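Working notes, beginning with the structure itself.
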Amino acid sequence: MQEDTLVAQRLVCDYVTRHGGVTKVTLVTLTKELLSSVASARTSLTNHSDRITHFEQEITGLRSKLTCVTEENVALKVSVEDLVSRFKRQNIRVLGLPEDTEGRDARQFMSKLLTKVLGDSLHTSPKLDREHRSLRPKPWQGAYPHPVIVRFHRYTEKETVLKWARATKEIIYRGHRLKFY
């Protein structure tokens with residue numbers, strides 16, 4: 001309250017200086033107006049202070065939520081990376097297969113090729129989920145063809161093919177040397 005009185009006195013002094021004097025009635029009216037103005041400013045300040053406190057609490061809550069979401073995001077990234085790695089475990093790369101030899105049904109072609117090349121190593125035709133060339137532009141004539149990626153349905157069949165490929169040093173198909181990785 002003392003601050004309010006000091007502010008009011010300063011404002012009154014400024015008014016007196018500007019207008020060259022004041023009557024007692026004007027002084028009382030002016031003081032009441034000033035005090036109500038200061039009270040209004042104090043109410044406004046209190047409201048702003050309350051709002052700032054509310055926003056600070058809200059920010060604290062949002063920060064804790066952000067921390068939780070960040071932790072979940074890290075866990076999901078690790079999980080996705082693990083799933084991608086597991087998914088790739090059933091893939092092999094075949095190098096040296098000439099471009100466009102697969103025809104329209106690449107998966108069936110690769111299944112027959114593996115059965116033909118491996119012979120007795122595979123008891124049945126391998127079940128393949130997918131087969132495609134690696135994502136690169138088609139090489140020019142005479143250039144080394146880009147790899148074929150084959151996804152086996154069963155991991156054991158993939159391992160059988162890779163063991164056979166390691167044991168067989170040179171795999172030839174239609175005059176082209178194939179490599180399995």
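The values are calculated or read from the model by the stated rules, or taken from the named source; none is laboratory data. For clarity, every value in this text was computed on a predicted model and none was experimentally measured. Using ideal geometry, Cβ is built from the backbone for each residue, glycine included, and neighbour counts are taken over all protein chains shown.
Quick look at the values:
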{"read-out": "Residue within the stretch 44-53 that is surrounded by 11 or more Cβ atoms within 10 Å (Cβ to Cβ), on the phi < 0 side of the Ramachandran plot, out of contact with any Ser or Thr (no Cβ under 7 Å at 6 or more places or on another chain) and at pLDDT 70 or above present", "value": "no"}
{"read-out": "The stretch 139-171 - residue that is within 11 Å of residue 94 (Cβ to Cβ) and among the β-branched types (Val, Ile, Thr) and, of those, modelled with the lowest pLDDT", "value": "171"}
{"read-out": "Flag if residue 106 is closer than 30 Å to residue 174 by Cα and under 34 Å from the mean Cα position of the chain (by Cα)", "value": "yes"}
{"read-out": "Flag if residue 94 is among the hydrophobic types (A, V, I, L, M, F, W, C) and either touching an Asp or Glu at 6+ places or on another chain (Cβ under 7 Å) or under 17 Å from residue 181 (Cα atoms) (or both)", "value": "yes"}
